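Participant: Before I ask anything, let me first share the structure, which is written out below as structure tokens.
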Amino acid sequence: MGFSVQARFGLPNPSIFSGTTCSLPQHTGIWQFPQSSCTESPEEPNFLPAKKQGHWLETELGLLEIDPSLPDGHAIATIRPEAIEIGPNGHNNLKAQVKTYSYQGLIARCLTGLDGTELQVVAPPHRLFQVGQEITIHIPRERIWLLPNS
């Protein structure tokens, strides 16, 4: 006999789980199912066409502050989902709308939308978001990497 992960751990509102309830056999740990949809989710970086000049990076998201020691010119900016922070923190604070939310145990994954551009975000599991909710994300300047635009 199986059990619902939400029921077993007393998790709130099943609608925050991307519409899927994961079931595991009785007395079995989730770590024993590496192929489970509960644990699968490769982290993919966010890629943005960009132009860097001095301290600023011009992107689809607007101007972002960046490390001035990086070379100027056209590039592809990449930001790892786990590098994006929730909440304002000094520079590069952007308003985003939650498009999808998936609780995954040790982390939560969000797809956010900002003026037609989507960014994947990895959030702490205690941060519960609803689809459509507006949040502030912070992109630390030292966590933006530039790739050559060829």
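The values are calculated or read from the model by the stated rules, or taken from the named source; none is laboratory data. Please read all numbers here as calculations on a predicted model, not as lab measurements. We place every Cβ from the backbone using ideal geometry, glycine too, and count neighbours over all the protein chains shown.
Participant: Looking only at region 74-104, count how many residues are in contact with a strand residue (DSSP E or B) (Cβ under 7 Å, 6 or more places away or on another chain), surrounded by 18 or more Cβ atoms within 10 Å (Cβ to Cβ) and not in a loop (DSSP other than H, G, I, E, B).
Facilitator: Within region 74-104, residues that are in contact with a strand residue (DSSP E or B) (Cβ under 7 Å, 6 or more places away or on another chain), surrounded by 18 or more Cβ atoms within 10 Å (Cβ to Cβ) and not in a loop (DSSP other than H, G, I, E, B) number 11.
Participant: Those residues that are surrounded by 15 or more Cβ atoms within 10 Å (Cβ to Cβ) and outside any loop (DSSP other than H, G, I, E, B), I need them from region 59-73; list them, please.
Facilitator: Selection gives 59, 64, 65.
Participant: Continuing with this model, one more query. Taking the condition without any contact (Cβ under 8 Å) to a residue 12 or more places away in the chain, within 16 Å of residue 139 (Cα to Cα), in the same structural domain as residue 139 (by TED's automatic domain parsing) and not β-branched (Val, Ile, Thr), does residue 63 pass?
Facilitator: For residue 63, the condition - without any contact (Cβ under 8 Å) to a residue 12 or more places away in the chain, within 16 Å of residue 139 (Cα to Cα), in the same structural domain as residue 139 (by TED's automatic domain parsing) and not β-branched (Val, Ile, Thr) - is met.
Participant: Would it be correct to say that residue 135 is touching a helix residue (DSSP H, G or I) at 6+ places or on another chain (Cβ under 8 Å) and either at pLDDT 95 or above or not assigned by TED's automatic domain parsing to the domain that holds residue 46 (or both)?
Facilitator: Details: touching a helix residue (DSSP H, G or I) at 6+ places or on another chain (Cβ under 8 Å): no; either at pLDDT 95 or above or not assigned by TED's automatic domain parsing to the domain that holds residue 46 (or both): yes.
Criteria not met by residue 135.
Participant: For residue 141, are the conditions met, namely being touching a residue at least 60 places away in the same chain (Cβ under 8 Å) and not hydrophobic (A, V, I, L, M, F, W, C)? Step through it out loud before you land on a result.
Facilitator: On the way: touching a residue at least 60 places away in the same chain (Cβ under 8 Å): yes; not hydrophobic (A, V, I, L, M, F, W, C): yes.
Here the answer is yes, as residue 141 does meet what is asked.
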